[in-house]
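Contents: one structure, followed by commentary.
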Amino acid sequence: MGGRFSRAIVQVFGLSGFLLVGGRIPCASALPSVGECESMVAHEPRSLDGYACLLPHQGTQRKEVLRFLEARLRQAPDDPRPRLYRALVRALAGDLVDEREWEATAAAFAREHDVTGEFYALTSHISSRCIAPVTCDERVAALLWRAGELARLSGKRALQQQWEIWRMKVAFAVDDLALAEGAEARLLALGEPASLWLRLEGLHARAHLAWMVRDYGRERELYRELLDALAAEDPRRAVALGGRAAASAHLALQGLESREAAERLVREALAEEERVGVTIWSQEIGALPTRVQLALLLGPTSESFGLLYATLDDYRRRGRWTAPIYPELVLAELLASAQPPRLEEALQVADETVQNASRVGVYEMARALVERSRVRFRVGQYWLGRSDGFAALDRAEVLREQQSDIPVRLRYAESLSFAYRSLAAALVEQGVPDDGSAIDDAFQVMERLRARGLMETLLAQDRSGPFGGALSPLKPPSLGQIRAALEPDEALLSFEVWRSEAAMDAPYRDGSSWVTVVSAGGAKAFRIPDADVLEPQIRAWTGLLERRDGSDRGAGGRLHEELLGQALRVLPRGIERLIVVADGPLHRLPFDALSAGIGSPYLAERFEVSVAPSAGLWLRSRAAPRLPPGKILVLADPADPSARRAVRRDAVFGALVHARSEAEVALSAFPRGSELRTGPPASESFLKSANLEGVSLLHLATHAVTDERDPEHAAVVLAPGSPFEDGRLEPREISRLGLAGKTVVLAGCETSAGPVFRGEGVMSLARAFFGAGATAVVGTLDRARDDEAGAFFSAMYRSLGRGASIGEAVVAAKREGIRHGAPAAAWAGVVLLGDARARPRAVEVPPLLPLGVAVVVLAFVGLGAGRWWRRRRAE
């Protein structure tokens, strides 16, 4: 993410733009030679084109280029053009250019009223200040603003496009992804670039942004587009090849592409980068970074170690701009994981990495501390490893808090999740067996990561909070707090699933996965398989569930044992309710349908299961004041019955026939004053303006739309209700509903599904309702059949009508389905998130009970009166 590379390296990326500054190099032909560029300057000495033509040659013919520029300066000492490009060539070589050089050049262009030249001088100055020393400060902001004013006043679309590209570069340097993404959107809105060089600049910047947000597929496509735009002899192809190779390497390390194919592309890019002289262009592109990518792909082999030690020497010789942090990270990790491990060497390299990172930036320091923490744990230095690990998290969270936009902050946190998982796993694995403090530490580390964005949203709505400040996103709950809040019949299962996603800034293949079992009596942790094992098992098993022929029972036995076997065996007697805090691929797992095998009960038959985004959010919900039981508001089947279908931009939805009968059962289970709206009255406009005071449960029996690429475009589908609404109730609109303390039932398809953000969890519609303050949300993991959903929710409401809690009602409906022979797919996809103890409907006293009590009272009164009369007669 932003800051993923050091600020020093970021500026190399910024300076790389000067390779094309002001040039108009044709797309169809080869790059002009140095001699041809010199002829262009001689023919049009006041144009920037000939000078810009020289820059792509600075890697292979730097001395010749500099000789020509020096000669031009002697001929015309007042001409700012050769002065500007001489400074650029020197800067690209790693030389320190005095700031006064940029200032004088900009002033000279301003005197000539050459807007384009002044713009280039200003952006050159920006890049210089953001390199060394690292001072992306108010001065840089002023220079950027001035460049933007020049671009705007010039009316030149090309300058405006360049300004947006420079805004992206500065955003990269200051770790502001929201600014970078906004600049990219404005760049695209300006239309197709007028020249090849500007198109290349835009593609480079956009590809780099894709790399920062870990969208390696999009990065590869952008670099492929860039390659297609360049002639075969163009030396700029080396950079594009390097970018494509880096993206392929990342995909291969994630298991999404062949390792052999990625290695072939990396070796091809390396050969071209070395031939052309592109030593380092950005963190992931250039001969030096490409060597590191190759070593990472190869693993701890003799070739890898040779590549890395040679690369370290080359980095150190370069001095300014670069620090050898990333090859050091990879080298330390490969040394530590070699067979046999070379731990003393690894620790020495890790120490050097921390020293180098201290001179670069916070992001690099966080990375370096994670690596040294891992090595120290392996060496046996438990407390030093623990100290480094927590120091790394503190620095990572400083960077996370710099992101003002919550969605960007969530994606930023994704890039840091490995640091939390690595530390949590090491604490449990390397700690003293049965050491409660190690398990508590690991539990709190994961709670610092889980659902942070959702917790921050809730705390922003209620800054006082039920904890009076005792629980905040930066102060996770301890095991002691969780144990104190659990009732004797409850246990919490907190999962942590390791995923191997090695990258240059996080070169970690080895990790471990755990489930922590917490009850009122204590806590224990057990190993479970990693994501690469669990994911294919879960996909296969959920596929069997959909077959509805019982084949899932046998296949699910292994999954049950791997995830729950040890945990369930240590549960104290009397546990009837489980709170599950899922992680990674487990977010898509219907736990209720797991069983030990054919003939064994489903988990739903043994326990009442609820799911919590994090233990901290569960604790917050448990401690919050409860709303008194009240009424229900039902919005069902908003399609117009006469039309039989409702059309939205996403799809054409049929009418929900069973939703109406389900809604009527729900309404009958609640007191008078409750409301049912179907058809057009079940509208977005109504819900947004409705007075929800006294409503304890909101039931939405409607279609739902999920969006795996952009969860903010998911929606509950309602009737519009007004010309100002579109009938799509989206997450940002949901968050503004007044649902504090209420229970929400989402009977549509996949309302608890969505893209999984590492650490944050599922970005689902259900999550949006939690963000609006709901205490408990009933949703669905997959597509539900209308008839089966109708039967399930009708059974659930019959239990709620008797005053059951939402957890009791959900499990009762599941058990009723099991008794009636319904396949697991008919009920397992319904999940309860949040506080299972929420009781939206009051417990009603049966009508005959008061009469029975009166009869008993009268009988006792009559008996007493009879005894008194007999005593009087005897007297």
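Listed values, structure above:
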quantity	calculated
In order through segment 168-174: 3J(HN,Hα) via Karplus (6.51 cos²θ - 1.76 cosθ + 1.60), integer Hz, x for Gly, Pro	4, 5, 5, 4, 4, 5, 9
Where labels lie 7 Å past Cα in the beta-carbon direction, separation of D313 and A189 in nm	5.2
Long-range amide H partners of D234 with built H, under 5 Å	L31
Share, in percent, of DSSP beta bridges within segment 483-610 that are antiparallel, nearest 5	65
Phi-based couplings in Hz for segment 332-349 (Karplus 6.51, -1.76, 1.60; Gly and Pro marked x)	4, 5, 5, 4, 5, 9, 5, 10, x, x, 10, 6, 5, 4, 4, 5, 5, 5
Rounded percent of accessible protein surface that carbon and sulfur make up, the chain, 1.4 Å probe	53
Prolate/oblate/rounded label for segment 189-241 (Cα gyration tensor, a/c 1.5)	oblate
Probe 1.4 Å, accessible area per residue of the chain, Å²	39
³J(HN,Hα), Karplus 6.51/-1.76/1.60, whole Hz, each residue of segment 221-238, x for Gly, Pro	5, 5, 5, 5, 4, 5, 4, 5, 7, 9, 5, 4, 8, 6, x, 5, 4, 4
Structure-based [θ]222 nm, the chain - -39500 (n - 2.57) summed over DSSP H runs of at least 4, per residue, nearest 500	-17000 deg cm²/dmol
Nonlocal amide H pairs with S47, under 5 Å, H built at 1.01 Å	none
Amide H contacts of A704 (H built 1.01 Å from N, under 5 Å, at least 5 apart or other chain)	V717, C749
Most to least packed among 39-50, 591-602 [average Cβ atoms within 10 Å]	591-602, 39-50
Listed values (i) 14, 39, 31, 13, 2, 1, 0, 0; (ii) 14, 46, 31, 8, 0; (iii) 13, 36, 29, 16, 6, 0, entry calculated as P(r) over Cα pairs in 20 Å bins from 0, in percent	(i)
Alpha-carbon centroid distance for the pair segment 347-378 / segment 755-788, whole angstrom	39
Global form of segment 304-419, assessed from the alpha-carbon gyration tensor, a/c cut-off 1.5	oblate
Three-way shape label, segment 60-149, alpha-carbon gyration tensor, a/c 1.5	oblate
Antiparallel content of DSSP bridges confined to the chain, in %, to 5	50
Sequence ranges 54-62, 201-209, ranked by mean other-Cβ count within 10 angstrom, highest first	201-209, 54-62
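The values are calculated or read from the model by the stated rules, or taken from the named source; none is laboratory data. From a predicted model like this one, the values you see are computed outputs, not experimental measurements. All Cβ positions, even for glycine, are placed from backbone atoms using ideal geometry, and neighbour counts span all protein chains on display. To get the accessible areas, we keep the full protein, side chains included, count just its heavy atoms, and leave off ligands, DNA and RNA. Shrake-Rupley method; radii C 1.70, N 1.55, O 1.52, S 1.80 Å.
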